[in-house]
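What follows is one structure encoded as structure tokens, with my remarks underneath.
The values are calculated or read from the model by the stated rules, or taken from the named source; none is laboratory data. Computed from a predicted structure; not experimentally measured. Virtual Cβ from ideal backbone geometry, glycine too; neighbours counted across all protein chains shown. Heads up: the accessible areas ignore ligands, DNA and RNA and are worked out on the full protein's heavy atoms, side chains in. Shrake-Rupley method; radii C 1.70, N 1.55, O 1.52, S 1.80 Å.
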Amino acid sequence: MLKLSAPFLAAVLAALCLLNSVNACAAENKPDRQVAITIDDLPAASNVMPAATITQMTTKLLTTLRDQKIPVVGFVNEKKLYKLGEVDERINDLKMWLDYGFELGNHTYSHASLNRVGLKAWEDDVIQGESVTSLLLADHKMKMRYFRHPYLHTGRDIQTRHEAEAFLAARGYRIAPITLDAWDWAYAAVYEDAKKRGDTGAQDELAKSYLAYSDAVFAYSEQLSKQIVGYEPKQILLLHGNQLEADHIGELLDLFRKRGYRFITLGDALDDPAYSLPDTYAGEDGTGWLDHWALSQGKIPQGAPVFPQAVIEKWRTLAPTQP
Ligand SMILES: [Zn+2]
């Protein structure tokens, strides 16, 4: 039997593709991948950024996302609104998300960890986190419908996890899980420091490293998906409101396109049956849902790309804001 090499087959498929054979094109092209984008810690992850800078950052970020028609849900910590003399502008920065056509969800008032503050205090923080955002949503004929756990802390024990989930469901929330996470918060703190100092060389280097690490994380997560879920589900990406994303989200979107992704809403992603897989994870560590499903199957995920040590070390020296 004739044995064809992989490069030879790829060349044949590419040639057939040119001849407009649709099936061959599909075979040659990358898989049809889908991702929903979510952005946490609004109006800005940094707790020291002035409102004027937040407005510039938000405008830049949202302009790119709107021009490229990317659906996004942003998650708010309303405590970040209350800086003396800046409250109106900060509320306006949130309002911009809705004016630009995006959606907002709740990320608790003060970024409270369910694993640290206890269930009752955490529930109060969820409720307190609704006031301004709900008003803004109502103004846009929308309702708050998504919740994202701060630090991805979903409960130390399964009983707390279930009680918290029942509480959220009773208040009308759908939990927003995540499956892709390249720790942009760690890069962003270092990037924003370089930007403040006007060090463009360091900014470029960090952006490059962030995109390369993201690519490695996406490849790993796609592989883990196949292993744990049996296919690549509609993925959900976790980002944060920071200048790294405002300046480089376009390149991140291009990276996704190169990997064969198109962009979908969070609601669309959640329709994937993967998000109903058995999930019995409970513990100290906040982690993504691919890990939840793997651990629920008694498997320990292996081979995740290592986060660049130099970035973590620099991040530690900066008295970082919360992730
Ligand atoms: Zn957060």
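If you take the residues of the range 175-218 that are touching a Leu at 6+ places or on another chain (Cβ under 8 Å) and of a type in the set (Ser, Thr, Tyr), which of them is farthest from residue 162 (Cα to Cα)?
Looking at the filtered set, the residue picked out is 191.
Please state which one of 238, 224, 244 is in contact with a strand residue (DSSP E or B) (Cβ under 8 Å, 6 or more places away or on another chain), of a type in the set (A, V, I, L, M, F, W, C) and buried (at least 21 other Cβ atoms within 10 Å of the Cβ). Give the steps one after another, and end with the answer.
Details: 224 fails: in contact with a strand residue (DSSP E or B) (Cβ under 8 Å, 6 or more places away or on another chain); 244 fails: in contact with a strand residue (DSSP E or B) (Cβ under 8 Å, 6 or more places away or on another chain).
After applying the criteria, what remains is 238.
When you go through (1) more than 18 Å from residue 242 (Cα to Cα); (2) more than 16 Å from the ligand (Cβ to nearest atom); (3) not acidic (Asp, Glu) one by one for residue 196, which number turns out not to apply?
So residue 196 meets the others, but not (1).
Find all pairs meeting these conditions: Cβ atoms under 7 angstrom apart; at least six residues apart or on different chains; first residue within the range 148-163 and on the phi > 0 side of the Ramachandran plot and part of a helix (DSSP H, G or I); second residue within 16 Å of the ligand (Cβ to nearest atom) and open to solvent by 70 Å² or more (accessible area, probe 1.4 Å).
none
Note down all Cβ pairs under 6 Å where the first residue falls in the range 35-52 and is among the hydroxyl-bearing types (Ser, Thr, Tyr) and open to solvent by 10 Å² or more (accessible area, probe 1.4 Å), the second is within 15 Å of the ligand (Cβ to nearest atom) and modelled with pLDDT under 95, and they're at least six residues apart or on different chains.
46/321
Could you tell me whether residue 155 is away from the ligand (no atom under 16 Å from the Cβ), in contact with a Leu (Cβ under 6 Å, 6 or more places away or on another chain), within 23 Å of residue 269 (Cβ to Cβ) and not charged (D, E, K, R)? Lay out the reasoning, then the answer.
Working: away from the ligand (no atom under 16 Å from the Cβ): yes; in contact with a Leu (Cβ under 6 Å, 6 or more places away or on another chain): yes; within 23 Å of residue 269 (Cβ to Cβ): yes; not charged (D, E, K, R): yes.
For residue 155, the condition - away from the ligand (no atom under 16 Å from the Cβ), in contact with a Leu (Cβ under 6 Å, 6 or more places away or on another chain), within 23 Å of residue 269 (Cβ to Cβ) and not charged (D, E, K, R) - is met.
Which numbered condition trips up residue 299, out of (1) touching a residue at least 40 places away in the same chain (Cβ under 8 Å); (2) within 20 Å of the chain's Cα centre (by Cα); (3) open to solvent by 20 Å² or more (accessible area, probe 1.4 Å)?
(2)
Run residue 277 past the list (1) in contact with a helix residue (DSSP H, G or I) (Cβ under 6 Å, 6 or more places away or on another chain); (2) within 30 Å of residue 202 (Cα to Cα) and report the number of the one that doesn't hold.
(2)
When you scan the range 123-146, how many residues do you find that are assigned to a helix (DSSP H, G or I) and within 14 Å of the ligand (Cβ to nearest atom)? Talk me through it step by step, then tell me what you get.
Taking the range 123-146 first, the residues assigned to a helix (DSSP H, G or I) are 123-128, 131-139.
Filter once more, keeping what is within 14 Å of the ligand (Cβ to nearest atom): 125-126.
Residues in the range 123-146 being assigned to a helix (DSSP H, G or I) and within 14 Å of the ligand (Cβ to nearest atom): 2 in total.
As an exercise: evaluate residue 201 against (1) open to solvent by 60 Å² or more (accessible area, probe 1.4 Å); (2) without any contact (Cβ under 8 Å) to a residue 12 or more places away in the chain; (3) of a type outside the set (Asp, Glu); (4) under 28 Å from residue 52 (Cβ atoms) and give the number of the one condition it does not meet.
Going through the list (1) open to solvent by 60 Å² or more (accessible area, probe 1.4 Å); (2) without any contact (Cβ under 8 Å) to a residue 12 or more places away in the chain; (3) of a type outside the set (Asp, Glu); (4) under 28 Å from residue 52 (Cβ atoms), residue 201 breaks only (1).
Mind listing just one residue for me: the one in the range 37-80 that is in contact with a Ser or Thr (Cβ under 6 Å, 6 or more places away or on another chain) and within 22 Å of residue 275 (Cα to Cα) and, of those, nearest to the ligand (Cβ to nearest atom)?
So the residue we want is 73.
Consider residue 235 against the criteria (1) under 15 Å from the mean Cα position of the chain (by Cα); (2) more than 17 Å from residue 269 (Cβ to Cβ): it satisfies all of them except one. Which criterion is unmet?
For residue 235, the exception is condition (2).
Any idea which of (1) open to solvent by 30 Å² or more (accessible area, probe 1.4 Å); (2) within 16 Å of the ligand (Cβ to nearest atom) is the one residue 149 doesn't satisfy?
(1)
Here are some residues: 105, 101. Which one is within 14 Å of the ligand (Cβ to nearest atom), closer than 22 Å to residue 240 by Cβ and at pLDDT 95 or above? Reasoning before the result, please.
Details: 101 fails: within 14 Å of the ligand (Cβ to nearest atom).
Just a single option satisfies the conditions, and that option is 105.
Starting from residues that are open to solvent by less than 50 Å² (accessible area, probe 1.4 Å) and touching a Pro at 6+ places or on another chain (Cβ under 6 Å), keep the ones in the range 247-274 and report whichever is farthest from residue 104 (Cα to Cα).
The selected residue is 260.
Being closer than 16 Å to residue 104 by Cβ, open to solvent by 60 Å² or more (accessible area, probe 1.4 Å) and either within 15 Å of the ligand (Cβ to nearest atom) or not in a loop (DSSP other than H, G, I, E, B) (or both), is that true of even one residue in the range 167-177?
Scanning the range 167-177 turns up at least one residue that is closer than 16 Å to residue 104 by Cβ, open to solvent by 60 Å² or more (accessible area, probe 1.4 Å) and either within 15 Å of the ligand (Cβ to nearest atom) or not in a loop (DSSP other than H, G, I, E, B) (or both).
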